[in-house]
Amino acid sequence: MTSVLKQRTAVEPGEPMGIDIERDEIVFFPLIYWPVLPETPQLSPAALAKIDKYMKNGGTILFDTRDAATAVFSAGGISPETQALRKLLANLDIPPIEPVPENHVLTKSFYLMQAFPGRFNQGQLWVEAQGEHNTTTDGVTSIIIGSNDYAAAWAIDANGSVLLPVSPGGEDQREFSYRTGINIVMYALTGNYKSDQVHVPALLERLGQ
Amino acid sequence: MDFTFTLNPLLPESTVYSLIGLAAIPLLLALLARARGAILRSLALLALALALLNPVARSEDREPLSDIAVLVIDQSLSQTIGRRSQRTADVARQLADRIANLPNTELRSVTVQSSAGTDQEGTRAFESLGTALADIPPERFAGAMMVTDGQVHDVPKSFRAQGYDGPVHALIAGTRNETDRRLVVERSPRFGIVGQQQTFAFRIDEEGRASDGSPIEVTITYDDGSSSSFRARPGQTVEVEIDIKHGGRNYTEVAIAPLAGEIALQNNRTVITTDGIRDRLQVLLVSGEPHPGERTWRNLLKADASVDLVHFTILRPPEKQDGTPVKELSLIAFPTRELFVEKLSEFDLVIFDRYERRGILPTVYLNNVVDYVRAGGAVLVASGPDYASPLSLYETPLNAVLPAAPTGSITVEPFKPQVTEAGKRHPVTRGLPGSETTPPSWGKWFRLADAAPGTQGHIVMSGPDDKPLMLLSHYGEGRVALMLSDQAWLWARGYDGGGPQTELLRRLAHWLMKEPELEEEALAGRQDGRNLIIERRTMADEAGPVTVTTPSGQKVQVPLTESSPGIWRGTLTSTENGIHRLNDDELSVVAALGEAGTKELEELIATDQKLRPVLDETRGGAYWLGNDDNIGGSIPRLSKLGEGRAYSGSGWLGLKANGAYRVRAVSELPLFATFFGLALLLGLASLTWFREGR
């Protein structure tokens with residue numbers, strides 16, 4: 001993902017880092033990618049407080065349950081990963097969420113797109129419900145929940161060749177998974193910049209009159 | 001010693017008369033029957049009646065009481081013009097001497113002064129007189145003398161209604177044929193948008209002489225020193241458009257040319273105070289790349305109601321292409337020509353946020369930015385590691401305005417940003433919340449682009465080893481700020497306790513846009529009661545004394561002392577209301593004490609007309625003191641008169657002689673309750689028996 005960002009955009013990110021949510025300071029990261037495992041342990045109160053503060057101060061966490069393909073086989077369509085995520089979020093102050101609406105900044109923060117595939121493409125991407133913006137942040141969602149196993153689609157080995165196939169398949173889907181990643185990173189860094197851009201021509205028009 | 005006779009009956013008077021009446025009936029019968037001894041018996045009854053009624057001779061030891069006259073000395077602002085104050089003081093002293101020579105008369109003096117609270121009330125002479133009368137018994141009041149210009153604003157309908165019966169005299173400290181030209185404000189604007197105009201309406205009045213109606217020169221002077229003039233005819237309402245030059249208080253002085261020989265120039269000018277409201281500020285934010293600090297800038301500027309933000313982020317530099325069809329990209333072209341050639345001068349502030357030279361802005365555009373700053377624009381370079389790179393903005397023509405050159409290295413270590421000594425004086429960083437303690441109570445940053453400061457500007461914040469962190473500088477008419485770390489967003493995220501990034505960046509942006517409140521070199525005066533508090537903000541080590549020119553033209557030097565870093569204060573107690581001009585070596589401002597349009601300075605012609613109703617009611621008179629230069633010669637002779645006569649005449653001034661006295665001691669002598677009374681009674685009774693016994 002980092003190399004794709006470097007190659008295609010003005011963002012020059014550092015190497016992605018693995019973090020231990022219990023131990024590491026997370027405030028420096030503009031975006032945290034959190035693959036949810038079925039056996040995710042219960043977090044300590046200190047770690048929960050840290051996550052809560054991070055999200056309230058403008059940080060964004062992308063939770064990926066990676067179960068888009070397998071969920072249908074689980075009881076009631078709820079996979080162990082989803083259950084683990086629910087258990088985790090139950091202890092956090094999470095705003096209402098909704099599927100990414102058609103006009104959301106995520107659909108236009110770099111690429112124009114309406115679907116957000118990863119290794120799978122069935123999974124819906126969820127964001128904080130728009131509307132009543134929290135005044136302490138700028139209305140940028142602090143939580144993104146997906147299930148398309150994004151990291152798996154982005155993963156490459158040292159030689160730059162892909163590690164895992166995408167499903168249902170095709171390099172188009174892999175291209176779109178990169179685009180999804182770029183849009184999410186751009187969104188985390190620039191916030192609602194793209195939604196304001198529509199006003200710029202009007203502002204410029206007014207200048208000099 | 002005076003005697004008075006009174007009855008002091010031993011029994012209630014009615015009882016005495018009833019008893020005498022009863023006793024008189026048989027006596028009357030006896031007299032009618034011509035009974036023997038009836039006349040003597042009547043005399044005995046009369047003596048008895050006198051004894052019962054007990055007549056008393058009373059003598060009083062009296063002390064005559066002095067009559068009290070009140071001298072009201074008008075020291076209001078209108079009394080300061082011409083020779084009035086000297087004349088008033090002379091007359092007051094001479095009157096006091098003369099009253100001391102009058103028999104049995106004492107004097108109370110009160111003064112009337114203008115204070116900050118009396119702007120709209122004017123001269124309250126009768127209020128002062130009332131204060132003096134409060135402890136004077138009405139039966140001792142000999143009269144009041146007012147030494148004034150006659151411009152009294154609280155003349156009552158009736159003075160006698162207050163219970164004092166004595167003459168009120170006016171000694172007018174002016175001459176009868178004074179002339180005055182004055183400017184009367186009819187309508188003045190309270191506020192206006194900066195850069196626009198507001199309408200001011202006024203009239204020129206002339207008093208004491210028929211105007212020949214020729215146009216009079218009017219000069220309008222703005223507080224930046226610029227002025228314009230035109231001509232207007234007296235007696236007509238004139239409307240003039242005045243410019244709102246800057247934000248905050250605008251003081252605009254309107255002055256009319258003097259009339260030859262007029263008594264006062266103070267009312268030939270007025271100062272209009274208009275609050276300048278700034279139109280929305282246009283800010284151009286150019287982010288060189290998406291990064292976490294970008295959202296901090298966006299949120300700050302978007303939350304600012306006075307700012308219109310035009311933001312461009314370079315999402316993809318020209319050299320990076322991935323062959324994606326344009327219709328699948330959400331990228332718009334950066335309208336560089338429009339922004340940096342056509343509309344650059346419309347912006348109040350241009351922010352380069354982690355901007356690197358990436359072939360987007362041609363050199364000629366950055367040259368435009370230099371010209372823009374020189375002409376009064378503002379540039380903020382909020383840099384990070386980019387500043388140390390070969391692609392640094394410093395490697396462009398923009399280095400002409402930048403206050404520090406990158407050394408090429410980057411310091412990476414945890415540090416607490418510090419406010420420098422210069423920063424403690426600068427309004428952008430002075431008293432920043434958290435800077436009170438050492439070390440400051442805010443979070444750490446981790447990265448700083450090293451730079452060598454030039455000769456321009458002040459280092460207001462520093463990093464580890466006193467490396468410059470934030471520099472503020474002036475270039476031409478414009479301003480430049482340089483931030484050498486891009487980590488203010490760590491404060492926003494609350495890391496390590498967070499910090500006052502909102503306050504700091506807001507002040508920084510508004511200082512760049514010349515917010516008057518944040519000027520580092522400023523002189524201001526404000527009113528506090530009767531005091532004029534002078535405040536000088538400066539980055540210099542010393543602030544020289546300020547010369548204050550009062551409305552009457554008096555010049556006073558006020559020394560300043562440093563009250564906190566960068567702020568020097570001084571206080572002047574002034575009795576004058578109106579516009580005070582403040583000057584030091586560099587700056588010149590005006591400050592208003594009281595309302596600029598004080599009633600005192602509206603009408604200045606000496607007059608007896610306003611006091612006339614009370615003078616006539618109390619049979620007092622008006623005396624013009626200024627008919628000649630021989631001041632003493634005009635003071636009327638004083639004399640004391642009994643009640644019921646006119647108290648004034650040509651050349652003399654009357655005070656009422658009340659003849660009041662106080663009883664010091666009383667002695668009483670009962671006339672019948674003595675041995676003489678007893679003897680008379682017994683003698684008459686014995687004579688009666690003797691006559692009847694014959």
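Annotations
- Residue check: B:Tyr251 meets all listed conditions (1) of a type in the set (Ser, Thr, Tyr); (2) in contact (Cβ under 8 Å) with a residue 60 or more places away in the chain; (3) within 30 Å of B:Trp489 (Cβ to Cβ) but one, namely (3).
- For the range A:39-74, taking the residues that are within 17 Å of A:Val127 (Cβ to Cβ) and small (Gly, Ala, Ser), the one that is modelled with the lowest pLDDT is identified as A:Ala68.
- Residue list for the range B:150-182, restricted to those being hydrophobic (A, V, I, L, M, F, W, C) and surrounded by 20 or more Cβ atoms within 10 Å (Cβ to Cβ): B:Val152, B:Phe159, B:Val168, B:Ala170, B:Leu171, B:Ile172, B:Ala173
- Of all residues in the range B:156-180 being among the β-branched types (Val, Ile, Thr) and under 31 Å from the mean Cα position of the chain (by Cα), the one that is modelled with the lowest pLDDT: B:Thr175
- Members of the range B:166-185 found to be in contact with a strand residue (DSSP E or B) (Cβ under 7 Å, 6 or more places away or on another chain) and either of a type in the set (D, E, K, R) or not in a loop (DSSP other than H, G, I, E, B) (or both), listed by number: B:Val168, B:His169, B:Ala170, B:Leu171, B:Ile172, B:Arg176, B:Asp180, B:Arg181, B:Arg182, B:Leu183, B:Val184, B:Val185
- Of the residues making up the range B:9-57, those that are polar (S, T, N, Q) and surrounded by 13 or more Cβ atoms within 10 Å (Cβ to Cβ) are B:Ser42, B:Asn54.
- Residues being at the interface with chain B (Cβ under 10 Å from one of its Cβ atoms) and either over 19 Å from the mean Cα position of the chain (by Cα) or more than 27 Å from B:Gly499 (Cα to Cα) (or both) - total across the range A:13-57: 1
- When B:Ser158 is tested against the conditions (1) closer than 11 Å to B:Val72 by Cα; (2) polar (S, T, N, Q); (3) out of contact with any strand residue (DSSP E or B) (no Cβ under 8 Å at 6 or more places or on another chain), the lone failure is (1).
- Among the strands (runs of 3 or more DSSP E) confined to the range B:246-299, the ones with at least 1 residues that are within 14 Å of chain A (Cβ to nearest Cβ) and buried (at least 21 other Cβ atoms within 10 Å of the Cβ) are located at B:281-287.
- Of all residues in the range B:328-362, those satisfying the criterion of being at the interface with chain A (Cβ under 10 Å from one of its Cβ atoms) and among the small types (Gly, Ala, Ser) are B:Ser330, B:Ser345.
- Only a single criterion out of (1) at pLDDT below 80; (2) assigned to a loop (DSSP other than H, G, I, E, B) is not satisfied by B:Thr607, namely (1).
- Restricting attention to the range B:423-442, the residues that are under 14 Å from B:Gly463 (Cα atoms) and at pLDDT 90 or above total 2.
- Screening B:Arg354 with (1) among the basic types (Lys, Arg); (2) out of contact with any Pro (no Cβ under 6 Å at 6 or more places or on another chain); (3) surrounded by fewer than 22 Cβ atoms within 10 Å (Cβ to Cβ) gives one miss only, at (3).
- In the range A:141-165, the residues that are more than 22 Å from A:Gln83 (Cα to Cα) and assigned to a helix (DSSP H, G or I) form Cβ pairs under 7 Å with partners that are among the basic types (Lys, Arg) and modelled with pLDDT of 85 or more, at six or more places apart or across chains, as follows: A:Ala153/A:Arg119; A:Ala153/A:Arg174.
- Residues that are within 13 Å of the chain's Cα centre (by Cα) and buried (at least 16 other Cβ atoms within 10 Å of the Cβ) within the range B:532-550 comprise just one, B:Leu532.
- In the range B:635-675, residue nearest to B:Ala49 (Cα to Cα) [restricted to those that are surrounded by 14 or more Cβ atoms within 10 Å (Cβ to Cβ) and not hydrophobic (A, V, I, L, M, F, W, C)]: B:Pro670
- Of the residues making up the range B:137-155, not a single one is of a type in the set (D, E, K, R), modelled with pLDDT of 85 or more, within 15 Å of B:Val72 (Cα to Cα) and part of a helix (DSSP H, G or I).
- Residues being more than 7 Å from every other protein chain (Cβ to nearest Cβ) and either surrounded by 15 or more Cβ atoms within 10 Å (Cβ to Cβ) or free of Cβ contacts under 8 Å to residues at least 24 places away in the same chain (or both) - total across the range B:307-320: 3
- Considering (1) in contact with a Ser or Thr (Cβ under 7 Å, 6 or more places away or on another chain); (2) under 30 Å from B:Glu602 (Cα atoms); (3) surrounded by fewer than 23 Cβ atoms within 10 Å (Cβ to Cβ), the lone condition that B:Arg93 does not fulfil carries the number (1).
- Residue selected from the range A:187-202 under the condition over 12 Å from B:Asn299 (Cα atoms) and more than 7 Å from chain B (Cβ to nearest Cβ), by the criterion surrounded by the fewest Cβ atoms within 10 Å (Cβ to Cβ): A:Ala202
- B:Gly122, sole failed condition from (1) on the phi < 0 side of the Ramachandran plot; (2) within 26 Å of the chain's Cα centre (by Cα); (3) of a type in the set (Gly, Ala, Ser): (1)
The values are calculated or read from the model by the stated rules, or taken from the named source; none is laboratory data. The model shown is predicted, which means the values in this text are computed figures rather than measured ones. Reconstructed Cβ throughout: ideal geometry from the backbone, glycine too, with neighbour counts over all protein chains shown.
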